[in-house]
Amino acid sequence: METLFTDVLCIGAGLAGERVAVEAASAGFSTICLSIVPPRRSHSSAAQGGMQAALGHCAMGEGDCPDVHFEDTVKGSDWGADQEVVRLFVERAPEAVREMAFWGIPWNRVVPGRSAYFKGGKEFEKVEATEKEGLIAARSFGGTAKWRTCYTSDGTGHTLLYTMDNKVVELGVTVHDRVEAIALIHDGETCTGVVARCLKTGKLRVYLAKATLIATGGYGRIYRETTNAVINDGGGAIIALDTGVVPLGNPEAIQFHPTGIVPTNILVTEGCRGDGGTLLDVNENRFMHEYEPEEAELASRDVVSRWMTHHIRQGLGVKSPYGDHLWLDIRHLGEHHIKTKLREVEEICNNFLGVDPITQLIPVRPAQHYTMAGVRTNKDGAAYGLKGLFSAGEAACWDMHGLNRLGGNSLAETIVAGKIVGEKIVEFLQGYEVQYNTGVIRDAVIRQQERIDGLISGKDGNENVYEIRNAMQNELMDRVGIFRNGSDLQKAVDNLQEIYARAQQVGLRSNGIGVNPELTLALKIQGMVKLALCTAYGALQRTESRGCHAREDYEARNDRDWWNRTLATWKEGDDLPTLNYEPATETVELPPAERGYGVCKIISCDGEIIGEE
Amino acid sequence: MARKLIFNIFRYNPQDPHSVPHTDTFDLEETESMTLFIALTQLREEKDSSLQFDLCCRAGICGACAMMINGRPGLACHTLTKDLPDEITLMPLPIYKLIGDLSVDTGTWFRAMHEKVESWVHTSKSFDPQAEEERMDNALAEEIYELERCIECGCCVAGCGTANMRQDFVGAVAMNRIARFIMDPRDQRTEKEYFEVIGTDEGIFGCMGLLGCEDMCPKHIPLQDQLGILRRKMGWSAVKQLFRRS
């Protein structure tokens, strides 16, 4: 067996994985990144709108500071976040943005003088200060008190990823692209690397590492309608869950983004609404201001997605062969603005819809977008359950997002957490030595080889892997979506258990030789259904509404009973996860209160009922 | 009535000793707004689950799915079948090493390119976390972004006459990258240093000016302009060096 040794192994070479690699390599540790695609194709590149950091240079960001960013983030999370982590994050975000500038990001900059901006479809004027000229600018995003989202047009993830990968090349960090980690090597206490499958040859390979990082991003592809790339299928979360000892945090916390285009679910950035775009219904009327007088289109994503769904249910959606949708209107922003600050949006509309957003409306509706759920770590990024295992970025539940992430906080998390977790891994490695147990390694390899052989020979059955994936996706889409209720969730759990049984009987149709794509999916399908079950079962048990988790049968946020975080582990042989709970936060800077947007119905910590009946 | 599309697809699995390069033909009923991404996915899931191709973001952002579409390089994800004839021939990109069927190894090629052109900001300064960022004119930031938009899909290289003849040619994608750094005041490399990287036949002087790159670029990066500017700059640089030597 080909075996490689390294100090640090980053699974995933998107922004979080590469930021950790940069930190480790800069400290002199040997570092290898694994990636299932060439690093610059990672899904970080698809993040459009920007990265939040409280720089406060622009007129509409005046007075911004980490404290305001902290408050916005905790409210956005509906008090589900770990407040110590949020504090760490907001304090380091400005430095992280500046460091990326130093490395080469062409951030949009402050242009002094008068300029127009739009809010709620109306034009206003702002004056940028002369003394701020050329400093990093920011745009407005949902759920933020200030304009705080730093950006490069609407290709922010792209420029960040390219610049980060430049740094990786400069430092000579090894990247093995087209390699997929398919199992963690561990003895129940310590993680010592992975068994991986080469996606250029199909051969297995072992990577042994003192510190292993899971930075594989989110897993939106367990849903049918998602903005995510096809590679976001949960590889990292699956191998963590497969250990039986590493928990996923808040698996029920799944974000729907208000503006996926119909029918392809490709994202158009929140920057559209941040820059003044509006949502219209079948009569081409605005409606968000009726539900949310203060924030209107710029309430948090969970809230906007719910009102959109509600409005469609009222019969005010636009009929289409792909189901009802609403309109996103950015026409009034004008050609110049769209062609400089919303370029990807323009291209996406042109290429995939045949729509010119300068003169036409964009068909949108909420689509799965982000997993706040992820490998549960402490504030240092160290995974619960296994020494030597870390996680960062969307793959992790660090947990600064709680039950709802704010737009612009995901790119920021990848860079800031990548930096902090990287520093902590460097600390961890000082003087740390590990014993590689050849028996454990051999067993892990044999187990994976047997799985592959079994799938090729069809010894467990001949279930079609694509049919199983579709059944799973439909189940989540139809019953574990934006609005949830007990009976649907119970049905989803029951059906997913059946689907899980079928997933154990998959056999390949093709020969499985080399980089066989059917085998690649078949190796993951049981894990994907396990993730789906964690989501559905976690949602069934959480009998309250918080952030993205909206229960029609438990409409109040219940701080008395549910101000906590779900921890899901999976014991071998089970067909359901084991759920445990921990307090959402040990540190409380900002006690639970109203968010200022969304339906306010709260059962407070001492049982008092606040808000509408 | 929906069209019946005929797909001729290059097939070869180098990992399978029994596999020989050949073309497989599939037919598929066209659906509304069908892209090659949708068509290929359907072919794999319904007709031949061993079919290899690279698809990732499916939004024209990541650059993974470049392939030869009826003889021209393009992104499968944002090619609509309605813009193509009934018969569609798909081949892997040339120049890049074949992994299997339509899948090619762009990762190795691009990493080598980044190393060759030293695709990062070269500076003697060190980052001060306490300091305010250096200022930049917004118009310049936007100009840099214009070139930074390249998604490294490889279409410009596949469509390049020189690159198809000589393997060591860096291609428009590398030249664009250098042009981006020349424009960026944060990069302290001198003209001479840039010249050493691309002032050769492997670089700007190898370009025959056929401009397949400009025509094939799915992001419409102004490659023609940048190649022209670089050629002029590097030409002057060559002349200056001649005089220095004499």
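The values are calculated or read from the model by the stated rules, or taken from the named source; none is laboratory data. It should be emphasised that the depicted structure is a prediction, and the values quoted were computed from it without experimental measurement. A quick note on method: Cβ atoms are made from the backbone with ideal geometry, for glycine too, and the neighbour counts reach across all protein chains shown. Note: accessible area is taken over every heavy atom of the protein model, side chains too, but ligands, DNA and RNA are not part of it. Shrake-Rupley method; radii C 1.70, N 1.55, O 1.52, S 1.80 Å.
Pull up region B:54-102, narrow it to residues that are of a type in the set (D, E) and in contact with a Lys or Arg (Cβ under 7 Å, 6 or more places away or on another chain), then point me to the one that is surrounded by the fewest Cβ atoms within 10 Å (Cβ to Cβ).
B:D86
For (1) polar (S, T, N, Q); (2) modelled with pLDDT of 95 or more; (3) in contact with a helix residue (DSSP H, G or I) (Cβ under 6 Å, 6 or more places away or on another chain), each residue gets a yes or a no:
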position	(1), (2), (3)
A:Q497	yes, yes, no
A:S510	yes, yes, yes
A:P517	no, yes, no
A:T569	yes, yes, no
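Looking for something within 27 Å of the chain's Cα centre (by Cα), open to solvent by 10 Å² or more (accessible area, probe 1.4 Å), within 11 Å of another protein chain (Cβ to nearest Cβ) and hydrophobic (A, V, I, L, M, F, W, C) - is there at least one such residue anywhere in region A:93-101?
The answer is no; no qualifying residue exists.
The conditions are (1) more than 12 Å from every other protein chain (Cβ to nearest Cβ); (2) open to solvent by 20 Å² or more (accessible area, probe 1.4 Å); (3) under 30 Å from A:G202 (Cα atoms), and A:I36 fails exactly one of them. Which is it?
(1)
Can you work out which of the residues in region A:463-495 that are farther than 30 Å from B:L43 by Cα and in a helix (DSSP H, G or I) is most open to solvent (accessible area, probe 1.4 Å)?
Restricting to residues being farther than 30 Å from B:L43 by Cα and in a helix (DSSP H, G or I), the top hit is A:K491.
Does A:L213 fit the bill of being more than 9 Å from chain B (Cβ to nearest Cβ), closer than 30 Å to A:H336 by Cα and outside any loop (DSSP other than H, G, I, E, B)?
No.
Can you say whether A:V318 is aliphatic (A, V, I, L, M) and either open to solvent by 50 Å² or more (accessible area, probe 1.4 Å) or without any contact (Cβ under 8 Å) to a residue 12 or more places away in the chain (or both), as far as the supplied structure shows?
Judged against the criteria, A:V318 is not a match.
List the residue pairs whose Cβ atoms are under 6 Å apart, where the first residue sits in region B:77-100 and is closer than 17 Å to B:P218 by Cβ and in a helix (DSSP H, G or I), the second is open to solvent by 10 Å² or more (accessible area, probe 1.4 Å) and not aromatic (F, W, Y), and the two are 6 or more positions apart or on different chains.
B:T81/B:E30
Pick out the one residue from A:G120, A:G134, A:G113 that is farther than 27 Å from B:C62 by Cβ, away from every other protein chain (no Cβ under 14 Å) and not hydroxyl-bearing (S, T, Y).
Sole residue among the options that is farther than 27 Å from B:C62 by Cβ, away from every other protein chain (no Cβ under 14 Å) and not hydroxyl-bearing (S, T, Y): A:G120.
Take the residues in region B:170-211 that are polar (S, T, N, Q) and free of Cβ contacts under 8 Å to residues at least 12 places away in the same chain; name whichever of them is farthest from B:E142 (Cα to Cα).
B:T200
Please go through (1) within 14 Å of another protein chain (Cβ to nearest Cβ); (2) under 23 Å from the mean Cα position of the chain (by Cα) for A:M372 and return the number of the only condition it doesn't satisfy.
(1)
Here's the yes/no breakdown for (1) at pLDDT 95 or above; (2) out of contact with any Lys or Arg (no Cβ under 9 Å at 6 or more places or on another chain); (3) open to solvent by 10 Å² or more (accessible area, probe 1.4 Å):
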| residue | (1), (2), (3) |
| --- | --- |
| A:A138 | yes, no, yes |
| A:R148 | yes, no, no |
| A:M164 | yes, no, no |
| A:E170 | yes, yes, yes |
| A:V175 | yes, no, yes |
| A:L184 | yes, yes, yes |
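Do you know which of the residues in region B:140-187 that are among the small types (G, A, S) and either assigned to a helix (DSSP H, G or I) or facing chain A (nearest Cβ under 8 Å) (or both) is most open to solvent (accessible area, probe 1.4 Å)?
Within region B:140-187, the match that is most open to solvent (accessible area, probe 1.4 Å) is B:G161.
Tell me which residues, restricted to region A:5-26, are open to solvent by 50 Å² or more (accessible area, probe 1.4 Å) and not in a helix (DSSP H, G or I).
The answer is A:F5, and nothing else.
Against the definition (closer than 17 Å to B:T106 by Cα and open to solvent by 10 Å² or more (accessible area, probe 1.4 Å)), how does B:D137 come out, yes or no?
For B:D137, the condition - closer than 17 Å to B:T106 by Cα and open to solvent by 10 Å² or more (accessible area, probe 1.4 Å) - is not met.
Is it the case, given these coordinates, that A:E413 is in contact with a Gly (Cβ under 7 Å, 6 or more places away or on another chain) and either assigned to a strand (DSSP E or B) or open to solvent by 10 Å² or more (accessible area, probe 1.4 Å) (or both)?
No; evaluated as a whole, the condition is false for this residue.
Is region A:364-373 home to any residue that is over 26 Å from A:E292 (Cα atoms), crowded, with 22+ Cβ neighbours inside 10 Å and among the aliphatic types (A, V, I, L, M)?
yes
Out of B:E115, B:E134, report the one residue that is under 24 Å from A:V169 (Cβ atoms) and in contact (Cβ under 8 Å) with a residue 40 or more places away in the chain.
Only one candidate qualifies: B:E134.
I'd like to check something: does region A:66-88 contain any residue that is under 21 Å from the mean Cα position of the chain (by Cα), within 14 Å of another protein chain (Cβ to nearest Cβ) and touching a residue at least 40 places away in the same chain (Cβ under 8 Å)?
no
Would you mind stating whether B:F37 is outside any strand (DSSP E or B) and either away from every other protein chain (no Cβ under 12 Å) or surrounded by 14 or more Cβ atoms within 10 Å (Cβ to Cβ) (or both)?
yes
Taking the residues in region B:109-118 that are facing another protein chain (nearest Cβ under 8 Å) and part of a helix (DSSP H, G or I) as candidates, determine which candidate is surrounded by the fewest Cβ atoms within 10 Å (Cβ to Cβ).
B:E115
Can you report the number of residues in region B:215-233 which are part of a helix (DSSP H, G or I) and touching a residue at least 40 places away in the same chain (Cβ under 8 Å)?
8
Looking at region A:240-282 only, could you name the residues that are assigned to a loop (DSSP other than H, G, I, E, B), touching a Lys or Arg at 6+ places or on another chain (Cβ under 6 Å), closer than 25 Å to A:E335 by Cβ and small (G, A, S)?
Scanning region A:240-282 gives a single hit, A:G276.
Which residue out of A:D460, A:D443 is of a type in the set (D, E, K, R), assigned to a helix (DSSP H, G or I) and open to solvent by 70 Å² or more (accessible area, probe 1.4 Å)?
One residue alone meets the criteria, A:D443.
Does A:H401 satisfy the criteria of being within 30 Å of A:P263 (Cα to Cα) and more than 14 Å from chain B (Cβ to nearest Cβ)?
Yes: the conditions hold for A:H401.
Could you tell me whether region A:54-61 includes any residue that is surrounded by fewer than 23 Cβ atoms within 10 Å (Cβ to Cβ) and in a helix (DSSP H, G or I)?
yes
Mind checking whether some residue in region B:189-207 is assigned to a loop (DSSP other than H, G, I, E, B) and within 13 Å of another protein chain (Cβ to nearest Cβ)?
yes
For A:L540, which of the numbered conditions (1) assigned to a helix (DSSP H, G or I); (2) of a type in the set (A, V, I, L, M, F, W, C); (3) surrounded by fewer than 21 Cβ atoms within 10 Å (Cβ to Cβ) fails to hold?
Among (1) assigned to a helix (DSSP H, G or I); (2) of a type in the set (A, V, I, L, M, F, W, C); (3) surrounded by fewer than 21 Cβ atoms within 10 Å (Cβ to Cβ), the lone unmet condition for A:L540 is (3).
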